[in-house]
1. Filter the range 131-168 down to the residues that are among the hydrophobic types (A, V, I, L, M, F, W, C), over 18 Å from the mean Cα position of the chain (by Cα) and under 14 Å from Glu92 (Cα atoms) and list them by number.
2. Kindly provide the set of residues from the range 90-129 that are closer than 22 Å to Gly66 by Cβ and in contact with a Gly (Cβ under 7 Å, 6 or more places away or on another chain), ordered by number.
3. Quick check: is even one residue across the range 208-226 among the β-branched types (Val, Ile, Thr) and either in a strand (DSSP E or B) or in contact with a His (Cβ under 9 Å, 6 or more places away or on another chain) (or both)?
4. Take Ala159 and decide whether it is without any contact (Cβ under 8 Å) to a residue 24 or more places away in the chain, closer than 22 Å to Trp86 by Cα and open to solvent by 40 Å² or more (accessible area, probe 1.4 Å).
5. How many residues, within the range 30-44, are in contact (Cβ under 8 Å) with a residue 60 or more places away in the chain and either closer than 15 Å to Ala185 by Cα or buried (at least 17 other Cβ atoms within 10 Å of the Cβ) (or both)?
6. Restricting the search to the range 165-206, which residues are touching a residue at least 24 places away in the same chain (Cβ under 8 Å), in a loop (DSSP other than H, G, I, E, B) and small (Gly, Ala, Ser)?
7. Anything in the range 61-81 that is outside any loop (DSSP other than H, G, I, E, B), modelled with pLDDT under 90 and open to solvent by 50 Å² or more (accessible area, probe 1.4 Å)? List them, or say none.
Amino acid sequence: MTIRSLLAPVLGLGLLLGAQVAIAATPTNFTATYNVLQSGEPVGVATVSLRPAGNGEWIYRKDVKGTGGLAAMLGADVTETSRFRWNGHVPEAISYDYRLVASIKNKQRHMAVDWTTRQVTVNEGKGPQTYPASPGMVERNTTPLALGLALRDGKQQVALPVAVRQAVQTQNFKITGREAIKVPAGSFNAVRIDRTDADRGFSAWYAPDRYPLPVKLSQHDGGDMELDLVSYRQQ
């Protein structure tokens, strides 16, 4: 398992949508766990939590702990924390913090959005860089969340403005069918969605009528990684 593999934005979170209203219902606190696999072998456990932060803001936190392979040998743990507000059904970014702690390497990234000036600032320890923000902008940690919400709205294709290191990048996704998926959390006739604008090998499977986040996610950029849902608990 590569250190870069643990950096991938692979988990999501969601909110419940009112069946007969045009606005989103208030998101529900939850905790979910996933098994992390590389090439079919277990290498870690991911825990996802959502909670309100006050003032209309929410915090989504993802912790990935290496339990097997190189990640366990290096004691590699990754924490990603997103703070956002709702812009319609989209989690609009306010800040994002990434932290990797390993025996041979530590790494951090901080991203903050000033919506007054519409500027994004990113700092990885080598000095800040800025670029213009876009309304409805997400970052890599909340991308799967935005996809899940789009599926709940019945969308077949999704174009997302995603804040990356040096700019806001439009990423395109499309439903490619339904597939029978079996994970520790159960068996699902899941909706599959794939990224279509780049050869990134990103695929996610959702059960929108059951959970507001993926039941399975596969990503080959930076490593042949897979996440399988183990449990989901509302709080």
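The values are calculated or read from the model by the stated rules, or taken from the named source; none is laboratory data. These figures come from a predicted structure and were not determined experimentally. No Cβ is skipped: glycine too gets one built from the backbone with ideal geometry, and neighbour counts run over all protein chains shown. Note: accessible area is taken over every heavy atom of the protein model, side chains too, but ligands, DNA and RNA are not part of it. Shrake-Rupley method; radii C 1.70, N 1.55, O 1.52, S 1.80 Å.
1. Result: Ala133, single match.
2. Selection gives Ala102, Ser103, Gln108.
3. no
4. yes
5. Counting residues in the range 30-44 that are in contact (Cβ under 8 Å) with a residue 60 or more places away in the chain and either closer than 15 Å to Ala185 by Cα or buried (at least 17 other Cβ atoms within 10 Å of the Cβ) (or both) gives 9.
6. Across the range 165-206, the qualifying residues are Ala167, Ala185, Ala198.
7. Leu70, Met73, Asp77, listed by residue number.
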